[in-house]
Amino acid sequence: MSLTVLATGPLTTVQDLGRPGQAALGIGRSGVCDRASAALANRLVGNPADAAVLEVTFGGLAVRAEADVLVVSTGARCPGAPHAAPVVLRRGQELRLGPPASGLRSYLAVRGGIAVEPVLGSRATDVLAGLGPAVVAAGDVLPVGPPVDPAPGVDLAPVPEPAAGELTVTVLPGPRADWFGDAGWTGLTDQAWAVTSESNRVGLRLDGAPLERLRAGELPSEGMVRGALQVPPSGLPVLFLADHPVTGGYPVIGYVTDTDVDRCAQLRPGQTLRFSSR
Amino acid sequence: MRLLPSGSAALLVELDGLDDVLALYAALSADPPFGVVDVVPAARTVLLVTDPAATTLAAVADTVRATTPRPDAQAVGDSVELPVHYDGADLADAAELLGLTPAGLVERHTAAEWTVAFCGFAPGFGYLTEPGGQWDVPRRSTPRTKVPPGSVALAGEFSGVYPRESPGGWQLIGRTDVAVFDLDRDPAALLRPGTRVRFTAVPR
């Protein structure tokens, strides 16, 4: 069983839950950017949680089924996609995903999972570390694995669409919030940050009124995780997503709560982001 | 030991220095607290990454506070020998910064018993330290856009080996033919926290 890739759009990668447990070796977790959407896609076709899916950035993916397969898409809703409603793609039938009206990343799950060769225990493509399967390209033939669990028989899963316009997420103080003081925290939480086009799977690069450091000096590199708001010397925070570096040498002022990071992964350039401290 | 917040899924433990980091990392990695998926040592900190579905940060914090560091464990890591061609582009500069001749730097670099303190920057890049060593080498003022794989380098109190071609600001003193990161080998990363490293000079 396989899918033949006819087109990929701006970026399509194979992703799963990544490589936990190897960060001490300098190997980041990586994996799907919007974990909640990918998990739903796998559930809808009866895959285990760690099955590999296709992460499609801003639509544009086209595939042809080389055997009858059950497929579903979640995340950003693309015209032409079986959005949150599994369908059988017959042998020879093509599936084409148009550009989504809102959101950025869509997840295409195939019953049995994308069965490319794992690298260091995972099928995730880490674009920062250059680890894992190659970025998906037109002409690729992606193997599909054997089904493991029974199909759930769900016709449709009603889920909210990713936000268009402004998104507000919850932020908690980070380990170096004191480097920025009260004024820095107010600066972080009191403005609408613009998501710039330099954003990718590594992180969202934000634009706005820069945050000022209260102290000079270098920070010895320290470990960080998804959701970290790292502030480089420019004062413009970077919100780390799936392929973030394992350690970083710039202070982390705050952390977006773990579940809210998934929503941030659906932001596209031009949208705005607000941080609410509770 | 200071426990610093790192969001809803992680906890950062700040310590006084590298020795304390190594000792706490040795204890935590040998017996990770329940629900902790990654333990990440760095220069002054140890990050604990949890699975929020399996544990709470409060439970992990309690376990960390009750953990007895293992300063003795540093000496039990694997031992690796890395033959080096000491012909790096910055060998003379680095020697001068340390008040040594190039031959003197090579002598000190090969005499030292290095230990991988932590990894980062790239998969398989180890930050090597010599306990009690007198290494203090500033980074290059202008980083290179391309450092060749296998480059052996110095920066601050650390020595390191670039696993693959990448940008880098460390002073290059030589190169090794040993692949420190190789996906076709198990384990792929040769240099892991605690690994002891001895550099040897390949005769010219």
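Shielding by partners for peptide A:252-262, expressed as the average number of C-beta atoms from other protein chains within 10 Å of each residue's C-beta, is 3. Put in line by how crowded their Cβ is, counting other Cβ atoms within 10 Å and starting with the fewest, A:THR125, B:THR45 read B:THR45, A:THR125. A DSSP coil position with no more than 11 other Cβ atoms inside 10 Å describes the following GluC sites (Glu not before Pro) in region A:181-244: A:GLU218. Just checking the listed ones, B:ALA188, B:ALA111, B:ALA58: in the Gaussian network model of chain B with Cα springs under 10 Å, the one fluctuating most is B:ALA58.
Highest average first, the peptides B:10-21, A:69-80, B:135-146, A:43-54 ordered by how many other beta carbon atoms sit within 10 Å of their residues are A:69-80, A:43-54, B:10-21, B:135-146. For trypsin sites (Lys or Arg not before Pro), the sites in region A:156-221 that DSSP calls loop and that have at most 11 other Cβ atoms within 10 Å are A:ARG215.
Helix A:35-44 axis versus longest C-alpha principal axis of chain A: approximately 20°, rounded to the nearest ten.
Neighbours of B:THR195 by Cβ distance under 12 Å: Lys/Arg scored +1, Asp/Glu scored -1, total 0.
Neighbour counting of Cβ atoms within 10 Å sorts the residues B:HIS85, B:HIS109, fewest neighbours leading, into B:HIS85, B:HIS109.
Extension gain, A:LEU214 to A:ASP178, is 12.1 nm, computed as 0.36 nm per intervening residue step minus the present C-alpha separation. Highest GNM mean-square fluctuation among A:PRO160, A:PRO118, A:PRO245, for chain A modelled with Cα contacts below 10 Å: A:PRO160. Listing A:ASP68, B:ASP177, A:ASP178 from fewest to most neighbouring C-beta atoms within 10 Å gives B:ASP177, A:ASP68, A:ASP178. Assuming charge only on the beta carbon of Lys and Arg (+1) and of Asp and Glu (-1), the dipole of chain A about its Cα centre is about 280 debye to the nearest 20. Mean partner shielding of peptide A:171-182, defined as the number of other chain Cβ atoms within 10 Å of each residue Cβ, is 3.
In the protein assembly as shown, the DSSP-assigned H stretches of four residues or longer account for a calculated mean residue ellipticity at 222 nm of -4000 deg cm²/dmol, using -39500 (n - 2.57) per stretch and the full residue count as denominator.
For peptide A:211-223, the mean count of partner chain Cβ atoms within 10 Å of a residue's Cβ comes to 4. Spatially, region A:55-87 and region A:248-278 are offset by 27 Å when compared through their Cα centroids. Largest GNM mean-square fluctuation among A:LEU11, A:LEU120, A:LEU25, using chain A with Cα springs under 10 Å: A:LEU25.
Each value in this text was obtained by applying a stated rule to the coordinates, not by laboratory testing. All figures in this text were calculated on a predicted structure; none of them were measured in a lab. So basically every Cβ, Gly included, is an ideal-geometry build from the backbone, and we count neighbours across all protein chains shown.
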